[in-house]
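Taken together, the values in this text are just the output of simple stated rules run on the coordinates, not laboratory data. What you see is a predicted model, and the numbers here were worked out from it, not measured in a lab. Counting neighbours? That spans all protein chains shown, and the Cβs are built from the backbone with ideal geometry, glycine included.
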Amino acid sequence: MERVLKGSGVTVVKQCKALSVDEHNTLTTTRGDMEAGMIINAAGLYSDSIAAMCGLEGYVIVPHKGDYYNTTEEVIRGLVYPVPDSPHSLGIHLTRTLGEETLIGPSAVEVANKEDYEVKTPVKSSRKEPSP
């Protein structure tokens, strides 16, 4: 897509942080000022910040993260996509891989920080099972 855009005269700027946008579409960035006839907001998790810089209100990214679990047991033979039970999740689905594993997930947990990438390992129970 970048090649097609550049062929049409579009400037694609990567690895650059937008600091502000004025009413004439002049961006102040970590690489200096840039003028634009049109700005395409591809900031991902931070697209709400760019929208606010452009004067758009009501866009808020609520960050979520999730986990996948896997099993080598043949619990399914195809794909299972449930109806989502939340507007913040596609629902937990089951996917059979070429390596004959089944992926189960993702979960969706709201986090306070957009940069919270910490993987939390489950706490093992110290409860002892009764002897047979």
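Note on the chain: Cα Rg divided by 2.2 N^0.38 Å, N the number of residues, gives 1.57. Rounded to the nearest 20, the size of the Cβ-charge dipole of the chain about its Cα centre is 380 debye, with Lys and Arg at +1 and Asp and Glu at -1.
Which links in Lys6/Lys114; Lys17/Lys114; Lys65/Lys120 stretch past 23 Å when you go from one Cα to the other?
Working: Lys6/Lys114 31 Å; Lys17/Lys114 16 Å; Lys65/Lys120 11 Å.
Violating the 23 Å Cα-Cα cut-off are Lys6/Lys114.
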